[in-house]
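Here's the structure, in structure tokens; my notes come after.
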Amino acid sequence: MADMGSFRDVVTAWAAGGPGDPARELAVRLPVRTVVLLEGPSDAAAVGALAASRGRDLAAEGVCVLPMGGAMSVGRFAHLLGPPGLGLRLTGLCDEAERPYYARGLERAGAAQQEFFVCAADLEDELIRALGVARVEELVRAEGDLRALQTFLRQPAQQGRTSQQQVRRFLGTKKGRKIRYGRVLVEALDPDRVPAPLDRLLASL
């Protein structure tokens, strides 16, 4: 049975050069009303965790949360899904440093009016600041990764960095870790401590 995961898969294949008809058909059948464009799967895990904590089923609401595989892909996905393509509403998160890529990509796709929410460094940085380094370290311990963190912190390259920078770098040192902690960090947030870009994104859906 077709679901939002199927739509995400056919759109990703379309962006890679595959046919567009499967995406067009599923967009109507499901139906899809909004696509949340995110840089990677860790951002998608965080958005999904926050939605679940608030009792929201985004797929049932016609919202597709779509990791693009990198900020440089935003123009391609906006062209396929926005006004020139499926005509869907687009939104998402972007990092401050990558805002120019998004602005250019959306403008070229005729989607400059679509609203994206900007994180300072990235979403992990926003979550670490919201929780505090000490709380993140508690979560790392609870997840069984404390020894790995301690080993990482002893590396010469980490000397001179702030504790927040060190923890943020640690989350990206092993495949799948950022995705897991995207969920773990969001689930640990107090309701009034959700980073503004993530909170505003979900409220807009």
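Restrict the search to segment 18-79; then list the trypsin sites (Lys or Arg not before Pro) that DSSP places in a loop and that have at most 16 other Cβ atoms within 10 Å of their Cβ.
Arg33, Arg54, Arg56
How many nm separate the modelled label positions at Arg147 and Thr162, each set 7 Å beyond the Cα in the direction of the Cβ?
Those two pseudo-labels are separated by 3.1 nm.
Placing +1 at every Lys and Arg Cβ and -1 at every Asp and Glu Cβ, with all other atoms neutral, what dipole size does segment 109-205 have around its Cα centre, in debye to the nearest 20?
Dipole about the Cα centre, nearest 20: 580 debye.
Calculate the radius of gyration of the Cα atoms of the chain to one decimal place, then report Dmax, the largest Cα-Cα distance, as a whole number, both in Å.
17.8, 54
Loop only by DSSP, 13 or fewer other Cβ within 10 Å of the Cβ. Give me the trypsin sites (Lys or Arg not before Pro) in segment 147-192 that pass, ordered by residue number.
Arg154, Arg161, Lys174, Lys175
Which of Thr12, Ala60, His79 sits farthest toward the positive end of the charge dipole of the chain, with +1 on the Cβ of Lys and Arg and -1 on the Cβ of Asp and Glu?
Thr12
Kindly report, to the nearest 10 Å², the accessible surface of Thr162 as traced by a 1.4 Å probe over protein heavy atoms only.
My reading of the accessible area for Thr162 is about 70 Å².
What is segment 63-205's relative contact order, in percent, from Cα pairs under 8 angstrom and six or more apart in sequence?
The value is 23 percent.
Dipole of the chain, Cα-centred, from +1 at each Lys and Arg C-beta and -1 at each Asp and Glu C-beta, to the nearest 20 debye?
440
Non-local amide H neighbours of Phe117 (under 5 Å, H modeled in plane, Pro and chain starts lacking H): which ones?
Correct list: Gly92, Leu93, Cys94.
Below 8 Å between Cα atoms, with a sequence gap of 6+, how large is the relative contact order for segment 16-80 in percent?
39
Classify segment 137-194 as rounded, prolate or oblate, taking a ≥ b ≥ c as the square roots of the eigenvalues of its Cα gyration tensor: rounded when a/c is under 1.5, otherwise prolate if a/b is larger than b/c and oblate if not.
Since a/c reaches 1.5 and a/b is larger than b/c, the shape of segment 137-194 is classed as prolate.
Within the chain, which is the longest segment that contains none of the GluC sites (Glu not before Pro) sitting in a DSSP loop with at most 14 other Cβ atoms within 10 Å?
144-205
What is the distance, in nm, between label points placed 7 Å from the Cα along the Cα-to-Cβ direction at Lys174 and at Arg200?
3.5
Under a 1.4 Å probe, what is the accessible area of segment 134-205 per residue, stated in Å²?
60
Specify the residue with the greatest mean-square fluctuation among Ala157, Ala27, Ala45, computed from a Gaussian network of the chain linking alpha-carbon atoms under 10 Å apart.
Result for the chain, Cα springs under 10 Å: Ala157 fluctuates most.
Which residues in segment 67-100 have a backbone N closer than 15 Å to a point placed 7 Å from the Cα of Arg54 along the Cα-to-Cβ line?
Once the point is set 7 Å along Cα→Cβ of Arg54, 91-93 turn out to lie under 15 Å by backbone N, inside segment 67-100.
Summarise the accessible area of segment 9-153 (1.4 Å probe, protein heavy atoms) by the percent that is carbon and sulfur.
51
The values are calculated or read from the model by the stated rules, or taken from the named source; none is laboratory data. Note that the structure is a prediction, hence the values are computed from the model and not measured. A quick note on method: Cβ atoms are made from the backbone with ideal geometry, for glycine too, and the neighbour counts reach across all protein chains shown. Surface accessibility is based on the protein's heavy atoms, side chains included, excluding ligands, DNA and RNA. Shrake-Rupley method; radii C 1.70, N 1.55, O 1.52, S 1.80 Å.
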